[in-house]
Amino acid sequence: MGKLLKTILIIVVIIVALGAMLVSPYNKMVQKDEGCSKAWANVENAYQRRMDLIPNLVKTVEGAANYEKGTLTEVIEARAKATSVQVDPSNLTEESLAKFQAAQDQLSSALSRLMVVVERYPELKANQNFLELQAQLEGTENRIAVERGKFNETVNDYNSYIRRFPNNIIAGIFNFDKKGYFKAAEGADKAPDVEFNFN
């Protein structure tokens with residue numbers, strides 16, 4: 001009877017030890033996965049802030065720049081498209097982030113064209129409401145860049161953790177998948193050509 005009890009005790013100790021070895025990494029993965037979801041929510045909040053500013057910006061420009069309907073329409077359409085592309089925090093894959101980023105890049109491009117057009121309207125550049133909206137939009141663009149950077153750092157921490165041995169085995173068992181990153185816009189790695197015309 002004593003040998004059987006010892007054997008059962010050893011088996012129980014081994015099971016408890018193995019369970020403890022699984023529980024700690026699993027809980028850490030859950031914590032890091034939640035960190036990625038939180039970082040993603042901060043990214044979405046920054047983008048939402050930009051979305052909220054656009055209607056007021058369009059109304060302000062519309063009143064002063066009657067002949068720029070095409071540019072305003074581009075901004076409105078790009079905003080609608082960007083709003084329609086949603087990413088589920090549980091599905092932060094390279095593909096889903098690429099679609100989200102492409103829609104946001106189209107909106108950024110349309111807003112840039114709008115700001116270039118505005119340069120032709122001195123009354124807009126002197127409009128206090130427009131200047132405030134422009135400053136808020138610039139601040140929001142900075143927040144977006146910061147939140148995207150923080151998101152990439154959080155995802156890097158998570159991805160590194162789930163790929164380490166033996167964590168990769170536990171991650172595979174419990175379906176903790178690698179998450180995607182925000183990537184720089186195409187051509188961002190090349191300096192723009194600058195031409196000086198002294199004629």
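Quick notes
- Region 160-188 - residue that is at pLDDT below 90 and of a type in the set (D, E, K, R) and, of those, nearest to Ser96 (Cα to Cα): Lys183
- Total residues in region 111-131 satisfying the condition of being loosely packed, with under 13 Cβ neighbours inside 10 Å and part of a helix (DSSP H, G or I): the figure is 5.
- Residue tally, condition of a type outside the set (Ser, Thr, Tyr) and over 30 Å from Asn156 (Cβ atoms), over region 77-129: 20
- Residues of region 122-152 that turn out to be of a type outside the set (A, V, I, L, M, F, W, C) and without any contact (Cβ under 8 Å) to a residue 60 or more places away in the chain, as a count: 10
- Those residues of region 3-42 which are among the acidic types (Asp, Glu) and farther than 20 Å from Asn156 by Cα, in sequence order: none
So that you can scan it fast, the table gives a plain yes or no per residue for (1) under 15 Å from Asn42 (Cβ atoms); (2) among the acidic types (Asp, Glu); (3) crowded, with 16+ Cβ neighbours inside 10 Å:
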| position | (1), (2), (3) |
| --- | --- |
| Arg143 | yes, no, yes |
| Gly149 | yes, no, no |
| Glu153 | yes, yes, no |
| Asn156 | no, no, no |
| Asn159 | no, no, yes |
| Asn167 | no, no, yes |
| Phe176 | no, no, yes |
| Lys183 | no, no, no |
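- Failed condition for Val23, given (1) surrounded by fewer than 16 Cβ atoms within 10 Å (Cβ to Cβ); (2) touching a Cys at 6+ places or on another chain (Cβ under 9 Å): (2)
- Any hit, region 136-158, residues being part of a loop (DSSP other than H, G, I, E, B) and modelled with pLDDT of 90 or more: no
- Against the test of being within 26 Å of the chain's Cα centre (by Cα), aliphatic (A, V, I, L, M) and at pLDDT 85 or above, the options Ala110, Ala191 yield a single qualifying residue, Ala110.
- Across region 1-37, the number of residues qualifying as free of Cβ contacts under 8 Å to residues at least 40 places away in the same chain and within 30 Å of Thr140 (Cβ to Cβ) comes to 2.
- Of all positions in region 66-75, none carries a residue that is out of contact with any strand residue (DSSP E or B) (no Cβ under 8 Å at 6 or more places or on another chain), more than 30 Å from Ala126 (Cβ to Cβ) and either not in a helix (DSSP H, G or I) or not basic (Lys, Arg) (or both).
The values are calculated or read from the model by the stated rules, or taken from the named source; none is laboratory data. Just so it is clear, the structure is predicted and the values come from calculations on it, not from any experiment. Neighbour counts run over all protein chains shown; Cβ positions are idealised from the backbone, glycine included.
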